[in-house]
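In what follows, a structure is listed as structure tokens, so that the remarks can point back to it.
The values are calculated or read from the model by the stated rules, or taken from the named source; none is laboratory data. Just so it is clear, the model here is predicted, and its values are computed rather than measured. Ideal geometry is used to build each Cβ from the backbone, glycine not excepted, and the neighbour counts take in all protein chains shown.
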Amino acid sequence: MTAAPAPVVVTGTGTDVGKTIATAALAALARSAGLDTGICKPIQTGLHPGEPGDADEAARLSGVRRVLEVRRLPDPLAPETAARVAGLPQSTLEELLGPIRRWLGEPSGPVSATSRLDLVEGAGGVLVRLGTDLTILDLALALDAPVIVVTRAGLGTLSDTELTVRAIEAAGLRCAGIVIGSWPNDPDLAERSNLEDLPRLTGVPVLGRVPQGAGALSPTEFTRDAAQWFHDDLFDALR
């Protein structure tokens with residue numbers, strides 16, 4: 001069996017920028033393109049066992065069936081803090097990598113770089129600690145994965161996004177591009193200007209814009225509309 005291609009890591013400039021809905025939209029588009037698609041959430045915080053997490057929501061919207069959540073912590077905090085508050089051991093790179101690599105080795109059909117897309121959604125911003133001295137960048141580096149940055153549309157996003165892209169590149173990783181996680185129906189001057197300024201200042205393309213409120217669509221509507229939210233060369237940028 002051919003080894004699975006590297007997954008794509010989805011990170012953000014901070015909390016509540018739309019990573020989960022953007023991950024769902026990428027997955028919906030990949031499924032519509034005929035790709036064997038998977039969604040992974042290494043650590044979910046703020047939920048108890050049995051409650052649907054971010055990976056479940058992304059899978060519900062996109063129709064993806066191959067889903068992995070590696071670890072869950074009960075308090076709505078950064079993973080390192082959530083483990084400490086709960087009196088639980090800190091996550092390690094090896095403990096997260098093992099299940100993810102096994103999951104990546106379980107395709108539902110023949111594997112090639114053009115027939116599969118696995119998405120790994122981080123937690124919060126790019127330097128949020130998954131464990132002691134462990135960030136999503138360390139996980140992406142171990143997986144040899146390109147990174148997509150989900151960012152806000154409006155005023156203040158330029159600095160946040162440029163800092164995030166610089167951190168990714170400083171870690172020796174490739175930022176494949178930017179996705180705006182919640183694009184307003186009536187964008188203001190700053191939001192319209194950011195469409196030009198984001199790629200100019202970061203050096204990476206804006207791959208797509210997920211419309212505000214997309215998460216409230218039905219799975220059928222969400223999957224139908226996802227192709228309109230991304231550039232045609234999205235998959236080329238990820239390879």
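Looking at Gly105, Gly181, Gly124, Gly177 in this structure, which one is at pLDDT below 95 and surrounded by 21 or more Cβ atoms within 10 Å (Cβ to Cβ)? I'd like the intermediate steps shown before the answer.
Working: Gly105 fails: surrounded by 21 or more Cβ atoms within 10 Å (Cβ to Cβ); Gly181 fails: at pLDDT below 95; Gly177 fails: at pLDDT below 95.
Sole residue among the options that is at pLDDT below 95 and surrounded by 21 or more Cβ atoms within 10 Å (Cβ to Cβ): Gly124.
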Practice task
Report, ordered by the first and then the second residue, all pairs with beta carbons closer than 6 Å, sequence separation of six or more or different chains, a first member in the stretch 211-229 that is at negative phi, and a second member that is among the polar types (S, T, N, Q).
Solution key: Gln212/Ser182
Fill in the blank from the handout: Of the residues in the stretch 32-66, those that are without any contact (Cβ under 8 Å) to a residue 60 or more places away in the chain and out of contact with any Asp or Glu (no Cβ under 7 Å at 6 or more places or on another chain) number 11
Handout entry: Hits in the stretch 191-239 (condition: among the small types (Gly, Ala, Ser) and within 26 Å of Ala170 (Cβ to Cβ))
Key = Gly203, Gly208, Ala237
Practice task
Evaluate the following for Thr164: is it touching a helix residue (DSSP H, G or I) at 6+ places or on another chain (Cβ under 7 Å) and hydroxyl-bearing (Ser, Thr, Tyr)?
Solution key: no
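Determine which member of the set Ala190, Ala153, Ala214, Ala167 is closer than 21 Å to Ala28 by Cα and of a type outside the set (D, E, K, R).
Details: Ala190 fails: closer than 21 Å to Ala28 by Cα; Ala153 fails: closer than 21 Å to Ala28 by Cα; Ala167 fails: closer than 21 Å to Ala28 by Cα.
The match here is Ala214.
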Problem - Every pair of residues 6+ apart whose Cβ atoms lie under 8 Å, when the first sits in the stretch 152-168 and is farther than 15 Å from Leu207 by Cβ while the second is among the aliphatic types (A, V, I, L, M) and surrounded by fewer than 18 Cβ atoms within 10 Å (Cβ to Cβ) - result: Gly154/Ala190; Leu155/Ala190; Leu158/Leu201; Glu162/Leu201; Ala167/Leu127
Completion exercise
Of the candidates Glu94, Glu51, the one satisfying the condition of being loosely packed, with under 15 Cβ neighbours inside 10 Å, out of contact with any Gly (no Cβ under 7 Å at 6 or more places or on another chain) and under 18 Å from Ala145 (Cα atoms) is Glu94
